[in-house]
Amino acid sequence: MLQLFAGGATREVIIGNDILAGQEPQVMVPAGVWQGSMLEPGVDFALMGATMAPGFDFADYEQGRRSVLSGLYPDHADLIRQLTIDN
């Protein structure tokens, strides 16, 4: 999972059950943080869920724009390209 915070901070997290290897079994994403996830190479599937509080409302949703996010977080431009559609 890639998390992009306001102000330019970023965080990469590997979600999994191997805690000794630094993986995290669950992750909290703060409000206002862009997030994207993809499977690690060699992994065929993952079962994931999300709980939101307050509940999700499409009126509050904003699709990340690849060009804008890549400009704000140039060190992660390759990951952003993989996690976004060209918009």
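The values are calculated or read from the model by the stated rules, or taken from the named source; none is laboratory data. Note that the structure is predicted; figures quoted are calculated from it, not measured. Cβ placement follows ideal geometry from the backbone for every residue including glycine, while neighbour counts extend to all protein chains displayed.
For this structure, a couple of remarks:
- Some residue of the stretch 15-36 being among the small types (Gly, Ala, Ser), surrounded by 10 or more Cβ atoms within 10 Å (Cβ to Cβ) and within 25 Å of Val68 (Cβ to Cβ): yes
- The stretch 41-75 - residue that is of a type in the set (Asp, Glu) and at pLDDT 90 or above and, of those, surrounded by the fewest Cβ atoms within 10 Å (Cβ to Cβ): Asp44
- Each residue in the stretch 49-66 was checked for being over 16 Å from Ala6 (Cα atoms) and in contact with a Ser or Thr (Cβ under 9 Å, 6 or more places away or on another chain), and 0 of them qualify.
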